[in-house]
Amino acid sequence: MTLDDIPDHDDLSDALREDRPLHKARAYRIRFALDGLKFRKLEVPDPVPLGRQILAAAGCNPDDNFSLFAILASGDFEDIRLDEPFDLRARGAERFVAFQTDRDYKLTLDNRQIEWGKPAIAGAALYKLAEVDDDEAVFLQKRGGTDQLVEPDDLMDLNEPGIERFITAPRPDATCIIVVNSRPREVEDRHVTFEEVVKLAFPGAHDPNVIFSMTFRHAASKPHAGELAAGGSVKIKKKGTVFNVTRTVQS
């Protein structure tokens, strides 16, 4: 292979998915996130970069109290020291996360130890790490009490004494309370459709000339507020999502 034949980059995600070693390239593409789990593509010039080289490639000053972790295939977080080489060719890690902090917080998720760089972790981050199915949920274990259901829009405090322990288990059946035209209504699913809300607002049959319009606010999905059209749906909060439905008759 001549110098001109060397590709600009090889993607670690592709190599892992195709179960192959990294190809020789001018750069190696990984996934990097800062202070959370919103990953972006990042290229490093060395297949065995130092921790500080990964931070520098991300535009972070390694001297600004950053902690850097590799998320292994098992889901465990491995601490990467600034002057420690990390072999991309052998470790099976494509995702890296950095936190600007002088302290690491420990938690476990299904008995996997995770180090987190912030004093709180979003429920959405726990769900992303756990990779749960739709019928499963994340719970905070409570010794001597009932485990606490964690929803994606929750924020979990990691400052409590000891290590917070999270597990995944089947999601319990539970109703949600929404407000439709100022009246509380119970629904069985965290996702509601335009048609379901119309039935709650105006039960019974409707004349074909009737047109419904709908707005919502305080939803769990993004955007959290807006208009909902026929055929659409939104993810609601367990309590407090508000819908306003109006009807007009076409002449």
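The values are calculated or read from the model by the stated rules, or taken from the named source; none is laboratory data. It should be emphasised that the depicted structure is a prediction, and the values quoted were computed from it without experimental measurement. Reconstructed Cβ throughout: ideal geometry from the backbone, glycine too, with neighbour counts over all protein chains shown. For accessibility, only protein heavy atoms count, side chains too; no ligands or nucleic acids. Shrake-Rupley method; radii C 1.70, N 1.55, O 1.52, S 1.80 Å.
Placing one identical point scatterer on every Cα of the stretch 8-155 and ignoring solvent, what is log10 I(q)/I(0) from the Debye formula at q = 0.09, 0.10, 0.12, 0.22 Å⁻¹?
-0.31, -0.38, -0.53, -1.42
If amide H atoms are built 1.01 Å from N in the plane of the peptide, which residues on other chains or at least 5 residues away come under 5 Å of the amide H of Val192?
Val234, Ile236
Using each residue's phi in the stretch 93-110, evaluate 6.51 cos²θ - 1.76 cosθ + 1.60 at θ = phi - 60° and report the 3J(HN,Hα) Karplus result to the nearest Hz, with x for Gly and Pro.
Values, residue by residue: 10, 10, 10, 10, 10, 10, 10, 8, 6, 9, 9, 10, 10, 9, 8, 10, 9, 6 Hz.
At 222 nm, what value in deg cm²/dmol follows for the chain if DSSP H runs of at least 4 each add -39500 (n - 2.57) and the sum is divided by all its residues, to the nearest 500?
Rounded to the nearest 500, the figure is -3000 deg cm²/dmol.
Toward the positive end of the charge dipole of the chain, about the Cα centre and with charges on Cβ (Lys, Arg +1; Asp, Glu -1), which of Val249, Phe39, Gln100 goes farthest?
Of the options given, the answer is Val249.
Can you list the HN-Hα couplings for the stretch 37-50, worked out from phi with the Karplus curve (6.51, -1.76, 1.60; θ = phi - 60°), rounded to whole Hz and with x for Gly and Pro?
After applying 6.51 cos²θ - 1.76 cosθ + 1.60, I find 10, 8, 8, 10, 6, 9, 10, 10, x, 10, x, 10, x, 6 Hz.
Among Val197, Gln148, Ile80, whose Cα lies farthest out toward the positive end of the dipole of the chain, if unit charges sit on the beta carbon of Lys, Arg (+1) and Asp, Glu (-1)?
Value computed over the given set: Val197.
For the chain, with only Lys/Arg (+1) and Asp/Glu (-1) charged at the beta-carbon, what is the dipole magnitude about the Cα centre, in debye rounded to 20?
The calculated dipole for the chain is roughly 880 debye.
For Cα pairs less than 8 Å apart in space and 6+ apart in sequence, what is the mean separation divided by the residue count of the stretch 165-206, i.e. the relative contact order in percent?
Computed value for the stretch 165-206: 29 percent relative contact order.
Post the alpha-carbon centroid distance, the stretch 190-238 to the stretch 17-73, in whole angstrom.
About 43 Å separates the Cα centre of the stretch 190-238 from the one of the stretch 17-73.
Please list, ordered by chain and number, the residues whose modelled amide H lies under 5 Å from the amide H of Thr241; skip anything fewer than 5 residues away on the same chain.
Amide H to amide H, under 5 Å and 5 or more residues apart or across chains, Thr241 pairs with Val179.
Compute the accessible area per residue over the stretch 55-183, keeping the other protein chains in place, probe 1.4 Å, unit Å².
Per residue, the stretch 55-183 has 52 Å² of solvent-accessible surface.
First compute the accessible area of the stretch 46-101 with a 1.4 Å probe, then give the percent of it belonging to carbon and sulfur atoms.
Roughly 40 percent of what the probe reaches on the stretch 46-101 is carbon or sulfur.
What do the square roots of 5 times the Cα gyration tensor eigenvalues come to for the chain, in whole Å, largest first, as semi-axes of the equivalent ellipsoid?
45, 25, 15
For the chain, build the charge dipole from Cβ charges (+1 Lys, Arg; -1 Asp, Glu) around the Cα centre, then report which of Cys176, Asn159, His23 sits farthest towards its positive end.
After comparing all options, I get Cys176.
For the stretch 202-251, give the magnitude of the charge dipole about the Cα centre (Cβ charges: +1 Lys/Arg, -1 Asp/Glu; no others), in debye to the nearest 20.
Dipole size: approximately 440 debye.
Tell me, what HN-Hα J-couplings in whole Hz come from the Karplus equation 6.51 cos²θ - 1.76 cosθ + 1.60 at θ = phi - 60° for each residue of the stretch 15-21, using x for Gly and Pro?
Whole-Hz 3J(HN,Hα) from phi for the stretch 15-21: 4, 5, 5, 8, 6, 9, x.
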